[in-house]
Amino acid sequence: MMKTYLYPLLVVIAASSYGVVSTIIKLAMSHGFSAAEAVTSQFFFGFCIAVCIFIATNRTKLSLNGIKPLLFAGVLTGLTNIVYGHSLNYLPASLAVVLLFQFTWIGVVISCITKRQFPSRVESISLLILIIGTIPAAGLIDVDVSKIPFQGWLWGLAAALCYSLFLFANGRAAANMTTTNRLVLVSFFAFLMSVVFQSPEVIWNGTLFNEGLWVYGLLLGLFGMIIPVFLFTIAVPKVGLGMSSILSSIELPIAVLVSVILLSETVSTLQIVGIVIIILGMGLPILLNRNGLLSKKKNA
């Protein structure tokens, strides 16, 4: 019974951790750093922390068995942040969040394709509820989308696709590899992506340590790399990609909540209603599973 709720809870905590990232990046930008510099510091500290955890908890050598899905997971982690950053050059933040949020149904579609089966009725209802709640929760009601460049839509949806594929890659991680082994490899490949496409010069030009970027990098490394990747590698193979995508919808309400607390942003009544709808949609499969309705349907 405990495992029934443990793994879904780990997915929720991991997604909630990701929800903090956008606010930390905004804080870094308010202190004069660019989004690219913040993301680079995120993956640098994420990799450093992962190495420290591996050294402290492992007495065996780093294993490269089953490295392919971890390579993809690391690359996709980096790509999600890079592509999402590009979308913000064309989109208002609220619309960028909504497009990224499309990973919920994209993940379910990928799960259906790989499993060669349609989503369950409960998953379909949950997705519908989540989509209905997304627009008001992100404050998109009053946004004029008629002048949004086409590139913005593409970058935003590409970020959602990368995030969905990241969850998929985590679900395919090698079972015989330790979690810390997976973490250090994923963080390494994500760091390589930031070195190639972001601002690696912050590591050696003094920006990271002399100008205070390390504070935001350390927080981003924890909330945007260590905690979510560690928990996703444990939970996604147990929960499944479709359900993980639905549970990860908690990321949007957390992002709104943290921005209100740390950035003093205002939240409207309509946004609160949207957040409540998202939480209801996310919790529907768990509530039905608790009442035994899902298991009854599977056994029927």
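Residue by residue through region 225-242, note down the ones that are over 23 Å from Phe47 (Cβ atoms), among the hydrophobic types (A, V, I, L, M, F, W, C) and modelled with pLDDT of 80 or more.
Within region 225-242, just Val239 meets the criteria.
Let's see how each residue does on (1) hydrophobic (A, V, I, L, M, F, W, C); (2) at pLDDT below 80; (3) assigned to a helix (DSSP H, G or I):
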| residue | (1), (2), (3) |
| --- | --- |
| Ala38 | yes, no, yes |
| Gln42 | no, no, yes |
| Thr60 | no, yes, no |
| Leu91 | yes, yes, no |
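Based on what the data block shows, is Thr77 within 20 Å of Ile234 (Cβ to Cβ), at pLDDT 85 or above and not aromatic (Phe, Trp, Tyr)? Please lay out each step first, then the result.
Working: within 20 Å of Ile234 (Cβ to Cβ): yes; at pLDDT 85 or above: yes; not aromatic (Phe, Trp, Tyr): yes.
When the stated conditions are applied, Thr77 passes them.
Looking at (1) surrounded by fewer than 23 Cβ atoms within 10 Å (Cβ to Cβ); (2) within 16 Å of the chain's Cα centre (by Cα); (3) among the aromatic types (Phe, Trp, Tyr), can you tell me which one Phe54 breaks?
Every listed condition holds for Phe54 apart from (2).
If I filter region 208-245 down to residues being among the aromatic types (Phe, Trp, Tyr) and under 20 Å from Val184 (Cβ atoms), which single residue comes out as surrounded by the most Cβ atoms within 10 Å (Cβ to Cβ)?
Taking region 208-245 first, the residues among the aromatic types (Phe, Trp, Tyr) are 209, 214, 216, 223, 230, 232.
Okay, now just the ones that are also under 20 Å from Val184 (Cβ atoms), so 223, 230, 232.
Numbers: Phe223: 21, Phe230: 21, Phe232: 31.
So, considering only residues that are among the aromatic types (Phe, Trp, Tyr) and under 20 Å from Val184 (Cβ atoms), the one surrounded by the most Cβ atoms within 10 Å (Cβ to Cβ) is Phe232.
Among all residue pairs at least 6 apart or on different chains, which show Cβ distances below 9 Å where the first residue, located in region 105-132, is more than 17 Å from Ala160 (Cβ to Cβ) and of a type in the set (Phe, Trp, Tyr) and the second is part of a helix (DSSP H, G or I) and modelled with pLDDT of 80 or more?
Matching pairs, first to second residue: Phe118/Cys112; Phe118/Ser124.
Do you know which residues across region 176-188 are within 19 Å of Asn81 (Cβ to Cβ) and surrounded by fewer than 20 Cβ atoms within 10 Å (Cβ to Cβ)?
Correct list: Phe188 only.
What are the pairs with Cβ atoms under 9 angstrom where one residue, in region 210-224, is under 17 Å from Val258 (Cβ atoms) and at pLDDT below 90 and the other, located anywhere, is hydrophobic (A, V, I, L, M, F, W, C) and buried (at least 18 other Cβ atoms within 10 Å of the Cβ)? Sequence gap at least six, or different chains.
Gly224/Val20; Gly224/Val21; Gly224/Ile24; Gly224/Ile25; Gly224/Val39; Gly224/Phe43
So that you can scan it fast, the table gives a plain yes or no per residue for (1) under 16 Å from Gly107 (Cβ atoms); (2) without any contact (Cβ under 8 Å) to a residue 40 or more places away in the chain; (3) out of contact with any strand residue (DSSP E or B) (no Cβ under 6 Å at 6 or more places or on another chain); (4) surrounded by 24 or more Cβ atoms within 10 Å (Cβ to Cβ):
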residue: Gln151; (1), (2), (3), (4): no, no, yes, no
residue: Leu154; (1), (2), (3), (4): no, yes, yes, no
residue: Phe166; (1), (2), (3), (4): yes, no, yes, yes
residue: Asn170; (1), (2), (3), (4): yes, no, yes, yes
residue: Ala190; (1), (2), (3), (4): no, no, yes, yes
residue: Met193; (1), (2), (3), (4): no, no, yes, no
residue: Ser199; (1), (2), (3), (4): no, no, yes, no
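Scan region 3-23 residue by residue and report those that are farther than 18 Å from Phe166 by Cα and of a type outside the set (S, T, N, Q).
Correct list: Lys3, Tyr5, Leu6, Leu9, Val20.
The values are calculated or read from the model by the stated rules, or taken from the named source; none is laboratory data. Bear in mind the structure is a predicted one, so any value in this text is a computation, not a measurement. Note that each Cβ is placed from the backbone with ideal geometry, even for glycine, and that neighbours are counted across all protein chains shown.
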